[in-house]
Amino acid sequence: MQAASPRGQTPRTEQIILFRCSNQLFAISSASVQEVRSVDNLAGAATAIAGAGVPKVRHVIRRGEKTIFVVNASLHFGLRPSPPALIFLLRRSRVALLIDGIEKMTTMTRLQALPGAFCHRERQWYRGITVLDQDVLPVVNPEGFLSTEEMELLESSSVLAASLESAVALPAEFTP
């Protein structure tokens with residue numbers, strides 16, 4: 001996404017989904033979300049894992065041969081835990097994201113670089129920021145929910161292996 005457009009050209013736009021976690025608003029590219037489901041629809045397909053060493057991941061979903069790690073967005077962002085209502089299954093990823101709800105879908109015309117105040121792990125969490133209706137919103141990086149180290153820890157966890165033996169697989173084309 002361009003930061004500014006040359007004269008005479010319309011800026012490149014991107015469809016985004018505004019979602020809430022613990023009363024905080026975030027944006028994510030709609031192209032990075034494959035499916036949106038109610039947590040109730042996936043309750044039977046999710047398998048609890050405890051003690052895997054990554055507190056923000058407490059469940060996994062089997063989808064065919066693929067294991068999807070369910071990240072609680074509130075815990076990921078260091079926010080007050082809140083009861084999630086929806087789950088985003090991210091495209092081309094082994095991550096699903098628990099969120100409180102969707103605010104709306106809209107169009108973003110400008111993605112700004114992260115300010116210098118974002119100087120630690122959050123530099124991987126966000127693609128940048130955008131302004132919508134005079135609100136500054138972080139635009140999440142769909143690849144930033146699990147670090148390489150966290151993914152390796154989850155994959156090597158004996159707790160995960162034991163949990164997956166009894167897991168119910170979610171069909172590749174799940175329909176509630």
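Since every read-out is calculated from the coordinates, none of them should be taken as a lab result. A quick note: this is a predicted structure, and the numbers were derived from the prediction, not measured. Methodologically, a virtual Cβ is constructed for each residue, glycine included, from the backbone with ideal geometry; neighbour enumeration extends over all protein chains shown.
Could you derive backbone 3J(HN,Hα) for the range 132-146 from the dihedral phi with the Karplus parameters 6.51, -1.76 and 1.60 (θ = phi - 60°), listing whole Hz in sequence and x where the residue is Gly or Pro?
In residue order, the calculated couplings are 9, 6, 6, 10, 8, 10, x, 9, 6, 8, x, 8, x, 7, 10 Hz.
Tell me, what ³J(HN,Hα) does each residue in the range 94-102 have, in order and in whole Hz, if you take phi through Karplus 6.51 cos²θ - 1.76 cosθ + 1.60 with θ = phi - 60° and put x for Gly and Pro?
Here the 3J(HN,Hα) series is 9, 10, 10, 10, 7, 10, 6, x, 9 Hz.
Amide H neighbours of residue 33 under 5 Å, counting only residues 5+ apart in sequence or on other chains, H built in-plane at 1.01 Å?
Amide H to amide H, under 5 Å and 5 or more residues apart or across chains, residue 33 pairs with 91.
Given 0.36 nm per residue, what is the gain on full extension from residue 79 to residue 149 after removing their alpha carbon distance, in nm?
The residue 79-residue 149 span can extend by a further 23.0 nm.
For the range 71-113, rounded, prolate or oblate, judged on the Cα gyration tensor with a ≥ b ≥ c (square roots of eigenvalues), a/c < 1.5 rounded, else prolate if a/b > b/c? Walk me through the intermediate numbers first.
Values: a/c = 1.62, a/b = 1.41, b/c = 1.15.
Prolate shape, in that a/c is at least 1.5 and a/b is the bigger ratio.
Starting from the Cα of residue 66, step 7 Å toward the Cβ, then list every residue of the range 29-54 with an amide N under 16 Å from that point.
31-37, 46, by backbone N distance to the label point.
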